[in-house]
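Worksheet: one structure, shown below.
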Amino acid sequence: MIVKIFGAIFKIPLTNIIGVTSMAYFNTAYGFYVIFYMISTAGIPVALSKLISSAEARNNKKETAKIFKVAYILFFILGFVGSLLMLLFSKNYSRYVHLDGLHYSIISISITLFFMCITSAYRGYFQGLNNMTPTAISQIIGAVGKLFIGLIVAYFAVKANLPSYTVSALTLLGITTGSIGSTIFLYFYKKICDKKESYSISQLNTPTTPSSKLLKELVIIAIPITLSATILSLTNTIDTTLMVRRLVKSGIDTLQAQKIMGAYTSMSVPINNLAPNLIYPFAVSVLPTVTGMFVSNKSDEANKVISSILRIASMISIPCSIGLIAFSSPIVSLLYNSNEYVTVRGKDLLATDIAANMLSVLAISVFFVSMVSVSNALLQAYGQEKKTIISTTIGILLKVILNYVLIGNNKIALYGAPIATVVAYMIIMILNFYFLLRYTPCLPKIFTTVAKPLFSAIVSIGLCNITFNLLKSNYSEKLLVIVLILIAIILYFALLFVVKGVSKDDIRMLPKGKKIENLLVKVKIMK
């Protein structure tokens, strides 16, 4: 969760420092890196943790060490080859996306892939030992490196009046530095743990699985997870790859198209991703609980948990979605102080205004993305991982087609990418729920799950939006939007309790849920 917060915070000051043009380079290079990163690391750490956990359950320490060695060699090769491929294709990709000089940013971040692969080997190992502490610390080291080193380098690069592509390349060194720091920490942490480990004679003589078979098991487990995660991660990469190219096709100047893409990927998308980023860890955390109930044939209990998960996801995502639609302009202006102008068909518009307009459409996807996170986790809990691959593949292919057609259409242009994202995730969500209803004993009450949060959000946010429009000419918009958002949150949850949209089961699902429940009962909000 801390890492998600760091990630969300990072792009706000970074955009304010380097501007939307440099951010276009930054986000495109990062999107290119993500493709290789997901292919290399998405599934194998999970597979590694499963094999390590199994070996530990059998008390076969020798096999645990052997599994790690096989995985480490595999990650080393993947990291080296992936980094090399990024370097080799950097100039071709730069030309394709209409961003001259982008290859410097790709070169800057390519080394990160190698270190992240090595880091993933250590993280998978410790997760298999049920020790999440080193993973958490290494993630914080990486995030801190990205946040502080990246921002400091960015500041001085801008002060030196360097070109946009150079500013981006230097800023990306923060991510590289963080990944190196994470790897060094995990290396020494494992060294310390290994020194504390003691083995009996019987453990040393225990037979182990051949390396070739261990490698095969790693790959078999990893492939479905890798495919699903990689496909979903392509959303932003599709935007950064096609957006400038298709905007130019629609009649917009190349430099202005770069600014539009920078505004969208650096302002609209990060704000839009805040709610789904909070929901995803929660969805994954309940996966073992649902799996255990499924294995134990406790369908009724599983349905209760699933209903609560869906209600909580709806309670968070629906007001966020409606709130971003209603307050897109003041929220973007509150967080970003960009004074850059973008010329679109003869009109000079602030980059923040363009980002706000695109966010007002993209915000519809918050609910769909959140439901996809939850439904993916539920399908995995019921052993239906392959169904998530089907739904995400269909959704992402649709996203590519819509991006290409809509962004290149001069009547839609700017809104093409957000519309494509909304439609793609809506289709993925519909398919996921179809698979849940058909292939699992899960019977979520989708309408009742959505109706009460939707009603409460429309009333509370609608009233605050009317108030904002009445008062904004007399008060500071930034101060007014902060106050009204806080009032909207209080009013929303008050209405939610009035319409009985929250149950005790929902409260108990939250971190410290029992304490929250006791407090609500004590103040007579709940019985």
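The values are calculated or read from the model by the stated rules, or taken from the named source; none is laboratory data. Predicted model, so just to flag it, every value in this text is computed and none were measured. Every residue, glycine as well, gets a Cβ built from its backbone with ideal geometry; the counts of neighbours run over all protein chains shown.
Annotations
- Considering each residue of segment 495-502 in turn, at least one proves to be in a loop (DSSP other than H, G, I, E, B), under 28 Å from the mean Cα position of the chain (by Cα) and under 27 Å from residue 310 (Cβ atoms).
- Take the conditions (1) part of a helix (DSSP H, G or I); (2) at pLDDT 85 or above; residue 235 misses just one of them, which is (2).
- Selection of segment 233-249 for residues being under 17 Å from residue 395 (Cα atoms) and among the charged types (D, E, K, R) yields only 239.
- Test for residue 30: is it among the hydroxyl-bearing types (Ser, Thr, Tyr) and closer than 15 Å to residue 183 by Cβ: no
- Set 427, 396, 461, 389: member being at pLDDT 95 or above and within 20 Å of the chain's Cα centre (by Cα): 427
- Residue pairs whose Cβ atoms lie under 7 Å apart, separated by 6 or more positions or on different chains, with the first residue in segment 109-136 and touching a residue at least 60 places away in the same chain (Cβ under 8 Å) and the second not in a helix (DSSP H, G or I), are 109/172.
- Check on residue 312, farther than 20 Å from residue 417 by Cβ and under 22 Å from the mean Cα position of the chain (by Cα): yes
- Qualifying residue in segment 110-130 (condition: closer than 29 Å to residue 255 by Cβ and assigned to a helix (DSSP H, G or I)): yes
- Applying the set (1) out of contact with any Pro (no Cβ under 6 Å at 6 or more places or on another chain); (2) aromatic (Phe, Trp, Tyr); (3) closer than 18 Å to residue 41 by Cα to residue 126 leaves exactly one unmet item: (1).
- Among residues that are closer than 14 Å to residue 183 by Cβ, aliphatic (A, V, I, L, M) and surrounded by fewer than 17 Cβ atoms within 10 Å (Cβ to Cβ), residue 137 is included.
- Looking only at segment 447-458, and only at residues there that are at pLDDT 90 or above and touching a helix residue (DSSP H, G or I) at 6+ places or on another chain (Cβ under 6 Å), the one that is nearest to residue 306 (Cα to Cα): 453
- Selection from segment 452-470 of residues that are polar (S, T, N, Q) and touching a residue at least 24 places away in the same chain (Cβ under 8 Å): 456, 460, 465
- Taken together, 488, 420 contain a single residue that is assigned by TED's automatic domain parsing to the domain that holds residue 359, assigned to a helix (DSSP H, G or I), modelled with pLDDT of 90 or more and surrounded by 13 or more Cβ atoms within 10 Å (Cβ to Cβ), which is 420.
- Wholly within segment 1-107, helices (runs of 4 or more DSSP H) carrying at least 3 residues that are modelled with pLDDT of 80 or more and outside the structural domain of residue 151 (by TED's automatic domain parsing): none
- Residues located in segment 239-252, provided they are surrounded by fewer than 22 Cβ atoms within 10 Å (Cβ to Cβ) and either assigned to a helix (DSSP H, G or I) or of a type in the set (Val, Ile, Thr) (or both): 241, 245, 248, 249
- On the stretch given as segment 211-236, residues that are within 17 Å of residue 71 (Cβ to Cβ), of a type in the set (Gly, Ala, Ser) and under 20 Å from the mean Cα position of the chain (by Cα) total 1.
- Within segment 302-342, the set of residues being surrounded by fewer than 20 Cβ atoms within 10 Å (Cβ to Cβ) and in contact with a strand residue (DSSP E or B) (Cβ under 8 Å, 6 or more places away or on another chain) comprises 339, 340, 341.
- So residue 478, is it touching a residue at least 60 places away in the same chain (Cβ under 8 Å) and part of a helix (DSSP H, G or I): yes
- Whenever a residue of segment 396-421 is free of Cβ contacts under 8 Å to residues at least 60 places away in the same chain and more than 20 Å from residue 262 (Cβ to Cβ), its partners that are of a type in the set (S, T, N, Q) and crowded, with 17+ Cβ neighbours inside 10 Å, lying with C-beta atoms within less than 9 angstrom and at least six residues away or across chains, give the pairs 402/421; 411/250.
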